[in-house]
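K.L.:
One structure is given below, represented as structure tokens, and several questions about it will come after.
The values are calculated or read from the model by the stated rules, or taken from the named source; none is laboratory data. Here the structure is a predicted model, which is why all the values come from computation and not from measurement. Every residue, glycine as well, gets a Cβ built from its backbone with ideal geometry; the counts of neighbours run over all protein chains shown.
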């Protein structure tokens, strides 16, 4: 009698274990579907856009096209740099298209809107191209990841490094909207904390075409560092103006860009942009691993990858590896696995995912080369310093994310 009960109990345990294994080793809807929601036609299309779609497709192909025996499908859409358009497409993908993960999210307003929706729908969202700190602060989500950078890291990492190099007096040329104000605020705080001094600040309108009057004001302040707290066309136009005023070649003051893409450097040319310092999450020519991947990307796109392109590939691979490791695409299981992983690949170095959704990883202080230093068409930048993730990103103690236990 006791023996029979023992066999029955063992059989029950075995059956339960089998059911548990089968439940965990599952892929919802028999397909893992990844949505690349990016800017395909606007101001961020060169830095993200079609290149981001290509990068995700490269990752899926390199992974083998399947995970846990199920196919991996990639869909893409243009969010038109409108938060409502991006959120509407993501909702359609989640509710009808059965998309499991959304990636890229160039444009911070779109990134915040889609991350909010992802939290509501319990779907993973990975922002590689959108960089607002709100994603890991007040708008943080248990299913949201800020993978590549944020405005805090871009501003403070460069400021920290340049103050330590002797840049004591700083002048800010700042885009007159929230993005520019945030960059200046974060950089200014580090400069003053380290004993530097802000000797002036001037705001310029978005999409300004003439920066000559701003350069006259900046020159008069005689700063050690002139900060361009802007991006895109404003950054490029400001650099061209600085070149016309002789500020670039002279190296005095040091010019610091806050948001700089390798494609922008290529378009400006080394004669115009030489000597500009900036923080970069990725440089294609950093080492053999970055070069090998970037050359593959180049053959498909006829351009070297931006950090967003590299991040899209890396994030897709790490997401698929987490599914493989856990035996399911269940978002809670996948996020738990990602938070338990230490990451090293061609894009991520010394990386881990914090509870606020911030990927902590090394950043780089870069300087645009002189024409005489360049050996080839895309040999544009030299890496001056590796900045650890702990130094670059906002300390967790300062977090306003509700998920962070204090």
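K.L.:
Given the residues 340, 351, 310, 325, which is the only one that is under 30 Å from residue 272 (Cβ atoms) and in the same structural domain as residue 62 (by TED's automatic domain parsing)?
P.N.:
Only one candidate qualifies: 310.
K.L.:
If you go through segment 295-320, how many residues are within 16 Å of the chain's Cα centre (by Cα) and assigned to a loop (DSSP other than H, G, I, E, B)?
P.N.:
The total comes to 2.
K.L.:
Of all residues in segment 373-406, how many are assigned to a strand (DSSP E or B) and in contact with a helix residue (DSSP H, G or I) (Cβ under 8 Å, 6 or more places away or on another chain)?
P.N.:
Selection size over segment 373-406: 5.
K.L.:
Right, here's the next one. Might you let me know whether segment 220-228 holds any residue that is closer than 25 Å to residue 311 by Cα, under 24 Å from the mean Cα position of the chain (by Cα), surrounded by 17 or more Cβ atoms within 10 Å (Cβ to Cβ) and at pLDDT 95 or above?
P.N.:
Yes, because at least one residue in segment 220-228 is closer than 25 Å to residue 311 by Cα, under 24 Å from the mean Cα position of the chain (by Cα), surrounded by 17 or more Cβ atoms within 10 Å (Cβ to Cβ) and at pLDDT 95 or above.
K.L.:
Take the residues of segment 229-240 that are touching a helix residue (DSSP H, G or I) at 6+ places or on another chain (Cβ under 8 Å) and surrounded by 23 or more Cβ atoms within 10 Å (Cβ to Cβ): which is nearest to residue 271 (Cα to Cα)?
P.N.:
It comes out as 239.
K.L.:
Of all residues in segment 363-406, which are free of Cβ contacts under 8 Å to residues at least 40 places away in the same chain and buried (at least 20 other Cβ atoms within 10 Å of the Cβ)?
P.N.:
Hit for segment 363-406 is 389, nothing else.
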